[in-house]
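Trainee: Starting off with a structure, shown below.
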Amino acid sequence: MGLGDPRSTNAPGRQAQKVLDELESRIAGLLGGSRAVFFGDGDMANGTAVLAAGRAARERGKDHVVSSPVERSSIVCALRVLREEGSRISMMQSGKDGKVRPDSLEGIMEDGTGLLVCSWVNGISGVIQPVEDIAGKCRAGDVWLHCDACFALGRLPVAAGAAGIDSMAVSSVQIGGPPGSATVILRDDTPLPMASVPEFSFCCNIPAISGMAAALESTRIGMKARNRIVNQLRSDLLEGLDSCCLRYSIIGEKPDDLIPGTALLHLDRVAEKVHARMESDGIVLPSHNSSERLSFLRRAGLDTTQPDMFLGFTFDACNTGADVQHFVRSLADIYSG
């Protein structure tokens, strides 16, 4: 784009800062906030926001932090840092459906609670969390609410102000935008001292931020149509498994509890190395047994002694019925072999 460094005070730097300010206003408006702070990816955005909010809460005498038990690894690491610095950490309760229980806050929140962390959607299970109910309890107790909305963006209507979320992290790549850009949206003008978090760096990648803004606008226009497509693909896949007499349950209990096109299945019996075998068949939809996925299963209270019994997938609008057939055929061959 031929722009300078917005941190410089020369003419190209001032021009770059002007463009960055315009992008901030544009993206914050699209996501229902007053301010946007840019980072390189969703992990940096979430980690920085949680550390900044936790340290700010401790400065005002509120050293207690509450979190859902199913947060991404960068948030877990930020919570560990806060605990090492003197914050007290408590966990909300969640069921084996992966959904946190807002009523569990009645026995956890206290006068010293200054921060609550809860993702809008867990990217592994696709389970939508009751963030608006949680936001109401946070407002009543003057508690800052941070929400990881990276996996909700593009699948659900996401707006920090409407949901009552104080800070919200979203990522460009989750909506088909370019890598190298993510943002923390602040609901109002209440300052969040990001400068108190030298562990993470801010992002001045103006081309990537511009791409994220364009992807955001595109996503808002076509979200309903894409959701219809991916939900139909998910329905076709589940019907295909039923026709093959493959028994399973859905973590989250029913598709209405999940973001469109996503599901985490608990198969009724284990097949050896099912993820690796499906990958060798060229199936790209199932989740694999990464350390983060295994950690999620464990923290959600699910049985991790046989992790191959859990099979997740997420459809995008670029997937087709052929992908569904390939998935079902591969899984049926594995279980019949």
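The values are calculated or read from the model by the stated rules, or taken from the named source; none is laboratory data. Values in this document were obtained by computation on a predicted structure and should not be read as measured data. Neighbour counts run over all protein chains shown; Cβ positions are idealised from the backbone, glycine included.
Trainee: Would you mind stating whether residue 138 is under 30 Å from residue 289 (Cα atoms), without any contact (Cβ under 8 Å) to a residue 40 or more places away in the chain and crowded, with 19+ Cβ neighbours inside 10 Å?
Mentor: The answer is no for residue 138.
Trainee: Identify all residues within the range 15-32 that are of a type in the set (Lys, Arg) and closer than 10 Å to residue 209 by Cβ; write none if there are none. Walk me through how you get there before you give the answer.
Mentor: Residues of the range 15-32 that are of a type in the set (Lys, Arg), as a first pass: 18, 26.
Within the range 15-32, just 26 meets the criteria.
Trainee: I'd like to verify a number: residues in the range 87-120 that are surrounded by fewer than 20 Cβ atoms within 10 Å (Cβ to Cβ) and of a type in the set (A, V, I, L, M), how many?
Mentor: Adding up the residues that qualify gives 4.
Trainee: Just one of 102, 69 is under 19 Å from residue 296 (Cβ atoms), in the same structural domain as residue 197 (by TED's automatic domain parsing) and of a type outside the set (Val, Ile, Thr); which is it?
Mentor: Details: 102 fails: under 19 Å from residue 296 (Cβ atoms).
Step by step, each of 102, 69 is checked, and only 69 is under 19 Å from residue 296 (Cβ atoms), in the same structural domain as residue 197 (by TED's automatic domain parsing) and of a type outside the set (Val, Ile, Thr).
Trainee: Which condition does residue 63 not pass, out of (1) out of contact with any Cys (no Cβ under 7 Å at 6 or more places or on another chain); (2) buried (at least 24 other Cβ atoms within 10 Å of the Cβ), if it passes all the others?
Mentor: The single condition residue 63 does not satisfy is (2).
Trainee: Tell me which of these residue 8 doesn't satisfy, since it passes every other one: (1) part of a loop (DSSP other than H, G, I, E, B); (2) buried (at least 16 other Cβ atoms within 10 Å of the Cβ); (3) of a type outside the set (D, E, K, R).
Mentor: Single failed check for residue 8: (2).
Trainee: Residues that are touching a His at 6+ places or on another chain (Cβ under 6 Å): find the strands (runs of 3 or more DSSP E) completely inside the range 52-148 holding 2 or more of those.
Mentor: 113-117
Trainee: Evaluate the following for residue 326: is it closer than 12 Å to residue 125 by Cα, free of Cβ contacts under 8 Å to residues at least 60 places away in the same chain, over 20 Å from the mean Cα position of the chain (by Cα) and surrounded by 15 or more Cβ atoms within 10 Å (Cβ to Cβ)?
Mentor: Values: closer than 12 Å to residue 125 by Cα: no; free of Cβ contacts under 8 Å to residues at least 60 places away in the same chain: yes; over 20 Å from the mean Cα position of the chain (by Cα): yes; surrounded by 15 or more Cβ atoms within 10 Å (Cβ to Cβ): yes.
Judged against the criteria, residue 326 is not a match.
Trainee: Here is a list of conditions, (1) surrounded by fewer than 20 Cβ atoms within 10 Å (Cβ to Cβ); (2) touching a residue at least 60 places away in the same chain (Cβ under 8 Å); (3) among the polar types (S, T, N, Q), and residue 231 meets all of them except one; can you say which number that is?
Mentor: The failed condition is (2).
Trainee: Which condition number in (1) surrounded by fewer than 18 Cβ atoms within 10 Å (Cβ to Cβ); (2) hydroxyl-bearing (Ser, Thr, Tyr); (3) in a helix (DSSP H, G or I) is the one that residue 210 fails?
Mentor: For residue 210, the failing item is (1).
Trainee: Another one. Any residue that is modelled with pLDDT under 90 and either among the β-branched types (Val, Ile, Thr) or within 24 Å of residue 74 (Cα to Cα) (or both) - is there at least one of those in the range 305-313?
Mentor: Checking the range 305-313: at least one residue is modelled with pLDDT under 90 and either among the β-branched types (Val, Ile, Thr) or within 24 Å of residue 74 (Cα to Cα) (or both).
Trainee: Here's something else I'd like to know. Of (1) touching a residue at least 40 places away in the same chain (Cβ under 8 Å); (2) among the small types (Gly, Ala, Ser); (3) in a loop (DSSP other than H, G, I, E, B); (4) closer than 28 Å to residue 128 by Cβ, residue 282 satisfies all except one. Which?
Mentor: (4)
Trainee: As an exercise: evaluate residue 252 against (1) in a helix (DSSP H, G or I); (2) surrounded by 14 or more Cβ atoms within 10 Å (Cβ to Cβ); (3) under 20 Å from the mean Cα position of the chain (by Cα) and give the number of the one condition it does not meet.
Mentor: (1) is the only condition that residue 252 fails.
Trainee: Moving to a separate point now. If a residue has to be touching an Asp or Glu at 6+ places or on another chain (Cβ under 6 Å) and either surrounded by fewer than 20 Cβ atoms within 10 Å (Cβ to Cβ) or within 29 Å of residue 101 (Cα to Cα) (or both) to count, how many in the range 28-60 make the cut?
Mentor: Total satisfying the criteria: 2.
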